[in-house]
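Right, one structure below, let's go through it.
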Amino acid sequence: IPLLLMSIPNMNSLRCFYTRANSLLLLRSSFSPVTIPVRRLSSVFDSLSNQTVSSISDVDTKTQASPGIAKGAISSRGEDKPEERHRSGRGWDPGEVVMNKKKGKVKTSWVCESCGHSEGQWWGSCRACNKVGTMRRFSEGPESRASGGGGASGRGGGSEGAGLAWLPEQGVAQPLKLNSVIDGITHQQWRISLPGLFGNEVGRVLGGGLAPGSLILIGGDPGIGKSTLLLQIASIIADGNDLAQPAPVLYVSGEESVDQIGSRADRMKIETDELYLFSSSDLQDILTKAHRLSPRALIIDSIQTVYLKEVTGSAGGLTQVKECTSTLLRFAKKSNVPVFLVGHVTKAGDIAGPRVLEHIVDVVLYMEGEEHSTYRLLRSVKNRFGSTDELGVFEMSQAGLEVVSNPSGIYLSQQNTDSDVLAGLAVAVVMDGSRSFLIEVQALCATGSTVSRHVNGVQASRADMIIAVLMKQAGLRIQESGIFLNVANGMALSETAGDLAIAAAICSSFLEFPIPHGVAFIGEIGLGGEIRTVPRMEKRVSTVAKLGFTKCVVPKSVEKSLKSLGLKEIEIIGCKNLKELINSVFRG
């Protein structure tokens, strides 16, 4: 054999190949099966207090680690086994952060991120919605094409075969009568109720509760409180209510470790026993864990961090985001398990990824809030199971999000009727969805000011029109005064129902006559100086009465109908035009 080896021309290459093969065999022999647990929240608390982690045996699986990549790796601090210490001296395998990318011929198409229309080649504008610059490149791998199908449910079918093979087969679908679908189904079967004050606020935004098998996308700026909101929702669902027993809920994070989530839950005083935490980015592994656990709800934080190995591109890319969302949609519809997704937003405030992502999901919720404010607004922009007019108001505290019982108190300041400084303050009643808010409009008329006009929180064109009507129709000589308008607490006033409050605030500042405490204004101003009615007058006036206001200035045309409501604790004052407004409110 040595003589045979010496007779081979390229002896150095053969020796190098033999050395590498021997090293790979030794490395493979050093690997052993690794236990990958899904950990209960209570076990995470124990590990944080005792500085040791004992993984549970309820839902653990064993995967055979390969030499280069540990499939479905989880960041957990298990027992210091000798084989694990030998596996990596740094505590993690480099293969855990490397994603498989399939090679082969890739089919490329161009998809409009606004309407979802696809083309075989690039065009400057979408030929379906005629929007410019919305066509994005979409690459389809050979594995997904081989699985057949098109659209949201067909592409990426390889992942469905691997990750969703355990789902029950539905056979050939047949058309069903509407009566046969509705008959015998109660409200409890259509909705998963969310008990408590916090649960009722979230449930109202969702349209009356959580629909089984729904796919819900929650977007918002970084640090706005999306993960905090979902952790509280997961706790409520896992605890159950009077109609349902406690059931497991799986919270999966691709951005935080299990210990980090447990530390946040400990700060928020969440001690739910049925809440399971899992840290992974492999969607197929996540769905396998969900199958073994059979959760009541699944939470993915976030959709931009998960990936499918059968789909080309990196996590967060156009292809991965679309295919992962489509896979989770199929999972939700087949298993009847509601799925929550966290979506990152761009600088423009839109959810990152293709616009078609919002068309795939059932519900789209946006969480909003000012940068230096503790208040958060949960708004529904798409809801297949309810109205999009609902709005949830919360306040961020050390223990998490708390419901604000009186949202109008956010935008109202403490008034003092004995102070002359408060001249120029007026209260407007506006609607946001189905909820009414009372906001404070501030005005300042400064004679001889170098700045002629400055507005904040009010549309500049709307403010110019109201000022011109006051000069022409009401006879106020404010031409030589600098006018400053502001809406308290950074609220943006975009509804025409605030016109009357803007005019009253300007008159109060110019006449140096403070508006009496407990007066609210509702109405739109026309170019002729007339005061016009606005929608939902009854609801606005009822809100004013509940908050303790004694007077409400409204258009003359709705004065009789509002007095018939029987609101004895509030006085309804009807005005036809701005001159009647000045005589009614600012008469000494």
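The values are calculated or read from the model by the stated rules, or taken from the named source; none is laboratory data. Just so it is clear, the model here is predicted, and its values are computed rather than measured. We place every Cβ from the backbone using ideal geometry, glycine too, and count neighbours over all the protein chains shown. Note: accessible area is taken over every heavy atom of the protein model, side chains too, but ligands, DNA and RNA are not part of it. Shrake-Rupley method; radii C 1.70, N 1.55, O 1.52, S 1.80 Å.
Round to the nearest 0.05 the FRET efficiency obtained for T374 and S314 when R0 = 45 Å and r is the Cβ-Cβ distance. With a Förster radius of 45 Å, E is 0.80. Model label points for L176 and R292, set 7 angstrom from Cα along the Cα-to-Cβ axis, are 3.2 nm apart.
What FRET efficiency would be calculated for the residue pair N130, N489, taking the C-beta separation as r and a Förster radius of 35 Å, to the nearest 0.05? The value I calculate is 0.30. Separation of region 263-277 from region 358-399 is 23 Å, based on Cα centroids.
Accessible surface of region 282-346, 1.4 Å probe: 49 percent of it comes from carbon and sulfur atoms.
Once the Cβ-Cβ distance of A399 and T346 is raised to the sixth power relative to R0 = 22 Å, the FRET efficiency obtained is 0.10. In this simple spin-label approximation, A247 and T533 carry label points 7 Å from Cα along the Cα→Cβ vector, and these lie 4.7 nm apart. Each peptide among 494-504, 211-221, 456-466 gets the average number of other Cβ atoms lying within 10 Å of its residues, and from highest to lowest they stand as 494-504, 211-221, 456-466. Between Q479 and S387, with labels modelled 7 Å along Cα→Cβ, what's the label distance in nm to one decimal, could you check? The answer from the label model is 4.8 nm. Extension gain, S263 to K472: 0.36 nm times the residue separation minus the Cα-Cα distance gives 68.9 nm. Here the gap between Q121 and E559, fully extended at 0.36 nm per residue and compared with their Cα-Cα distance, gives a gain of 151.5 nm.
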